[in-house]
Amino acid sequence: MTRVAVVTGGASGIGAATCLELGRRGHNVAVLDLDGARAQRVAEEVRLLGVQAVAVGVDVTDRPAVEEAFAKTRSELGPVGILVTSAGQVGFDTFTEISWESWQRLIDVNLNGTFHCCQVAIPDMVEAGWGRIVTISSSSAQRGSPRMVHYAAAKGAVITLTKSLAREYATAGITANSIPPSGIETEMQHQSQAEGHLPPNEVMAGSIPLGHLGTPADIAAAAGFLASEQAGFITGQVLGVNGGAVL
Ligand SMILES: NC(=O)c1ccc[n+]([C@@H]2O[C@H](COP(=O)([O-])OP(=O)(O)OC[C@H]3O[C@@H](n4cnc5c(N)ncnc54)[C@H](O)[C@@H]3O)[C@@H](O)[C@H]2O)c1
């Protein structure tokens, strides 16, 4: 069945691949991102798959803007049935040097942004008696990450938020699951490597049992499945897509 899917962070990396995966699965897609021009280009690619797509430039930390983005999605595509929250930002700081601004920014984008989008999307799902929420968290929340305490704390809270939504909305026909990626080649990872925060690909690959990095499409495939009808008995789960890096 065709649903309306909202993907945050849809202009790049994992979010963009997820927009395309959901489009291939026949869903109409709203591409939400800080970068409205890039979101527009992804929406154009999604339309080539024969489904409808809209792009909205939005900062997920800005509640009124998030409400407007969902209102635009509803008026152009219809009520929201699927939400994938991929908008995120990473940070690297020695713990004692994390500034209050940096702490607040990473909590705001990664956690509060997820909160806003889930809260605005869920009423449509409750009304329909059907919904799929997939949050993109991080393996740093599963195993802890040095110099990423702010990021890992935010992503850990995203996992807990997801599990709690799963329990609260189970009887409403809504599932909520989280995918914590690790070692996925995206702009975020390339920038972290360029700034010297992460080792080069060959070193990273050495710590991954499957011996290579992953692609945005690897995450998108899992997100597409979790958003499908067939995944209806899966909720509150954390599905690592990481080449075996976290077991
Ligand atoms: N790449 C990895 O290996 C990896 C590992 C763990 C977790 N993640 C998570 O996966 C998600 C996607 O990351 P990616 O690797 O595809 O990175 P990416 O940088 O390619 O994509 C992130 C997208 O989020 C958007 N964004 C950032 N802040 C936003 C905001 N406030 N409002 C709206 N959009 C915003 C950016 O514009 C960008 O298009 C992130 O949540 C990230 O933390 C990625």
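The values are calculated or read from the model by the stated rules, or taken from the named source; none is laboratory data. Just so you know, these numbers come straight off a predicted model, no measurement behind them. All Cβ positions, glycine included, derive from the backbone under ideal geometry; neighbour counts span all protein chains shown. To get the accessible areas, we keep the full protein, side chains included, count just its heavy atoms, and leave off ligands, DNA and RNA. Shrake-Rupley method; radii C 1.70, N 1.55, O 1.52, S 1.80 Å.
Data table
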quantity	calculated
Per-residue [θ]222 nm for the chain (sum of -39500 (n - 2.57) over DSSP H runs n ≥ 4, rounded to 500)	-14000 deg cm²/dmol
Positive-end residue, the range 4-231 charge dipole about Cα centroid, Cβ charges, pick of Val6, Gly129, Leu77	Gly129
Sparse-neighbourhood loop sites, GluC sites (Glu not before Pro) in the range 138-214 - DSSP loop, at most 10 other Cβ within 10 angstrom	Glu195
Per residue accessible area of the range 4-231, 1.4 Å probe, in Å²	42 Å²
Of all accessible heavy-atom area on the chain, the percent that carbon and sulfur account for (1.4 Å)	55 percent
R0 of 41 Å, Cβ-Cβ distance Glu44-Val203: FRET efficiency to nearest 0.05	0.65
Estimated Rh, the chain: Kirkwood, alpha-carbon pairs, angstrom	17.8 Å
Simple Cβ-charge dipole of the chain, Lys/Arg +1 and Asp/Glu -1, about Cα centre, in debye nearest 20	580 debye
Hz values of 3J(HN,Hα) by residue in the range 141-155 - Karplus curve (6.51, -1.76, 1.60), Gly and Pro given as x	7, 7, 10, x, 9, x, 6, 9, 4, 5, 5, 5, 5, 5, 5
At 1.306 mPa s and 10 °C, Stokes diffusion of the range 1-136 via Kirkwood alpha-carbon radius, µm² per second	107 µm²/s
